[in-house]
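The values are calculated or read from the model by the stated rules, or taken from the named source; none is laboratory data. Small disclaimer: the values here were computed from a predicted structure and weren't measured. A quick note on method: Cβ atoms are made from the backbone with ideal geometry, for glycine too, and the neighbour counts reach across all protein chains shown. Surface accessibility is based on the protein's heavy atoms, side chains included, excluding ligands, DNA and RNA. Shrake-Rupley method; radii C 1.70, N 1.55, O 1.52, S 1.80 Å.
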Amino acid sequence: MNLLRYNYEKVGVDNVGVSEVNENILSPQDVRKILDTDNMEIVKLCKKADISPRKTDDGKTYFSMDDVRALKQAKEASSNAPATMSKSASQLVVDTLLTSLQRMESNITTAVSDLLDTRLEGMDEVVVELIRCKTENENLKNQIEELNKENYALKKENASFKPFMFGLYSKEDVQNTLF
């Protein structure tokens, strides 16, 4: 294996010590140094840039210079662009919010129901008493009406008696009275 120095100006990175077998082949360690990041970030950048790391015959992972340039552009774009969520992550956030809202709605409904139940606890008896009083009031109005009719008839009858002499009265026809 021949160890060479990579020309960082081709990739656009400051001069950092990187070893490689070929000018066009970079190891994951070299990519980490060039991008100044860890393996997880490299995996995310590979997914974003749609790059698949290649493997040598003996199973070692390597990247080409073009891959590193694409990864560097993806890193710069992700650092400049606002953070975006994946569809599954955004769906998880929406589901969490919906669950929280449903739980809050349930808590509020329960609290308001309990409050109304405690405040209106004695209202059933009050309503029953109110209905009883209203019925009694109607009965008393009917009694007053009947008594008024009876009073009118008695006054009419009383008016039919005309004074005669010495405290005697004569009854006249009820039709001729004032009422």
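Here's a check for you: in the range 55-76, which residue that is of a type in the set (V, I, T) and open to solvent by 40 Å² or more (accessible area, probe 1.4 Å) is farthest from L35 (Cα to Cα)?
Let us first name the residues in the range 55-76 that are of a type in the set (V, I, T), namely 56, 61, 68.
Filter once more, keeping what is open to solvent by 40 Å² or more (accessible area, probe 1.4 Å): 56, 61.
On the way: T56: 22, T61: 16 Å.
Filtering the range 55-76 for residues that are of a type in the set (V, I, T) and open to solvent by 40 Å² or more (accessible area, probe 1.4 Å), the one farthest from L35 (Cα to Cα) comes out as T56.
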Task: Condition check for S100: at pLDDT below 85, under 34 Å from the mean Cα position of the chain (by Cα) and either outside any loop (DSSP other than H, G, I, E, B) or at positive phi (or both) - done: no
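Of all residues in the range 162-179, how many are of a type in the set (S, T, Y) and at pLDDT 80 or above? Break it down into steps so the answer makes sense when it comes.
The first filter runs over the range 162-179 and keeps only residues of a type in the set (S, T, Y), leaving 169-170, 177.
From the residues that got through so far, the ones that are at pLDDT 80 or above too are 169-170.
Looking only at that region, the number is 2.
Which one of these is of a type outside the set (A, V, I, L, M), without any contact (Cβ under 8 Å) to a residue 60 or more places away in the chain, over 30 Å from R32 (Cα atoms) and surrounded by 10 or more Cβ atoms within 10 Å (Cβ to Cβ): E125, E121, E136?
Numbers: E125 fails: surrounded by 10 or more Cβ atoms within 10 Å (Cβ to Cβ); E121 fails: surrounded by 10 or more Cβ atoms within 10 Å (Cβ to Cβ).
The match here is E136.
Residue by residue through the range 150-163, note down the ones that are of a type outside the set (D, E) and surrounded by 10 or more Cβ atoms within 10 Å (Cβ to Cβ). Give the steps one after another, and end with the answer.
From the range 150-163, those of a type outside the set (D, E) are 151-156, 158-163; that's our starting set.
Answer for the range 150-163, where residues must be of a type outside the set (D, E) and surrounded by 10 or more Cβ atoms within 10 Å (Cβ to Cβ): N151, Y152, A153, L154, K155, K156, N158, A159, S160, F161, K162.
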Task: Selected residue [without any contact (Cβ under 8 Å) to a residue 60 or more places away in the chain and either closer than 20 Å to I25 by Cβ or in contact with a Phe, Trp or Tyr (Cβ under 7 Å, 6 or more places away or on another chain) (or both)] from D95, D67 - done: D67
- [ ] Tell me, yes or no, whether the range 59-73 has at least one residue that is out of contact with any Lys or Arg (no Cβ under 7 Å at 6 or more places or on another chain), farther than 30 Å from A49 by Cα and acidic (D, E).
- [x] no
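Checking the conditions here, which among G12, G17 is at pLDDT below 85, of a type outside the set (A, V, I, L, M), out of contact with any Pro (no Cβ under 9 Å at 6 or more places or on another chain) and on the phi > 0 side of the Ramachandran plot?
Numbers: G17 fails: on the phi > 0 side of the Ramachandran plot.
Result of the check over G12, G17: G12.
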